[in-house]
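A quick write-up on the structure given underneath.
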Amino acid sequence: MARKKIIAGNWKMNMTPSEAVELINTLKPLVATEKADVVFCVPAIDIIPAMEAAKGSNIQIGAENMYFEEKGAYTGEISPAMLTDVGVKYVIIGHSERREYFAETDETVNKKVLKAFEHGITPIVCCGETLTQREQGVTIDFIRQQIKIAFLNVTADQAKTAVIAYEPIWAIGTGKTATSDQAQEVCSAIRACIGEIYDEATAEAIRIQYGGSVNASTAAELFAKPDIDGGLVGGAALKPDFGKIVNY
Ligand code: PEP
């Protein structure tokens, strides 16, 4: 069965709750399609007003992060039950900014992925190499390691429903998009790695996005590649351009 594309916006630390409502009202008509899943991953405080604003549209609201414990003394964190209580179905896990600025590791990513599945939330699991790793020719080895640890103890049935976002760090927020061939090479290696961990059926089912300076003029070529099932979009997700990306 053909995989349905999934185009997700990562708003990062942008948009107050009232700005969020305004942006969703602007984007709603521009992203209306049944052909792809459209997800806006927004700051925690924006989730409830964003859900309200998106009601009746095809936009699904996701979170940008989540903690791996159920509840308790973890000041400032958001629990999975807090997300499911308001209807969140997707959560970004292990974005490179969380790894760089908030000390997330492959091990904490794995704990969060397991916890998300336990609560029926689909994780968008991020991976991606630095420029040095690419220049040293260790990209595929590095990504395979990230994937293998992120999916430790995840069942095949769970993995089939997961989303992986391949986001080369050198391409995030830099305006430097990976070429479609570079992106396809890594996304295909990720699918092969999932096939090794699980089986062919799981590899065929899992959706793999590309992320890193995707814009209205690069989306079509990237998303046409056989192993790229859509995109995780940062900067361009805050603009009407996101409509063009969704309707690439
Ligand atoms: C991201 O943060 O996930 C991302 C891809 O950002 P940008 O599109 O701005 O490079």
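Fully extended, how many nm does the chain gain between Asn247 and Glu69 (0.36 nm per residue separation, minus their Cα-Cα distance)?
Numbers: separation 178, 0.36 × 178 = 64.08 nm, distance 3.76 nm.
So the extension gain works out to 60.3 nm.
So what J values fall out for the stretch 159-174 if you push phi through Karplus, 6.51 cos²θ - 1.76 cosθ + 1.60 with θ = phi - 60°, rounded to Hz, Gly and Pro as x?
Karplus-based 3J(HN,Hα) across the stretch 159-174 equals 4, 4, 9, 6, 10, 10, 10, 8, 10, x, 4, 5, 9, 7, x, 9 Hz.
Regarding the chain, what is the average projected area of its C-alpha convex hull, in nm²? Show your work: numbers first, answer last.
Details: hull surface 48.9 nm².
Mean orientational projected area (the chain, Cα hull): 12.2 nm².
Below 22 Å, Cα to Cα, which lysines can Lys35 reach? Residues fewer than 8 away in the same chain don't count.
Output for Lys35: Lys4, Lys5, Lys55, Lys89, Lys160, Lys225, Lys239, Lys244.
What is the spin-label model distance, in nm, from Glu34 to Val86 if the labels are put 7 Å beyond Cα along the C-beta direction?
Spacing of the two 7 Å Cα→Cβ label points: 3.0 nm.
What does the net charge come to around Gln158 if you take all other residues with beta carbon closer than 12 Å to its beta carbon, with K and R at +1 and D and E at -1? List each step's numbers first, then the result.
On the way: positive: Lys115, Lys160; negative: Glu118, Asp157.
Combined, the nearby Lys, Arg, Asp and Glu give 0.
Please order Phe117, Phe242 by the number of other Cβ within 10 Å, starting at the fewest. It would help to have the intermediate numbers written out before the result.
Numbers: Phe117 20, Phe242 26.
Final ranking by Cβ density, sparse to dense: Phe117, Phe242.
Roughly what would the spin-label model give for Tyr101 and Thr132, points 7 Å off Cα along C-beta, in nm?
That separation, rounded to one decimal, is 2.1 nm.
Bear in mind these aren't lab numbers, they're just calculated from the coordinates by the rules spelled out. Since this is a predicted model, take the numbers as computed values, not measurements. Cβ sites come from the backbone with ideal geometry, for glycine too, and all protein chains shown count toward neighbours.
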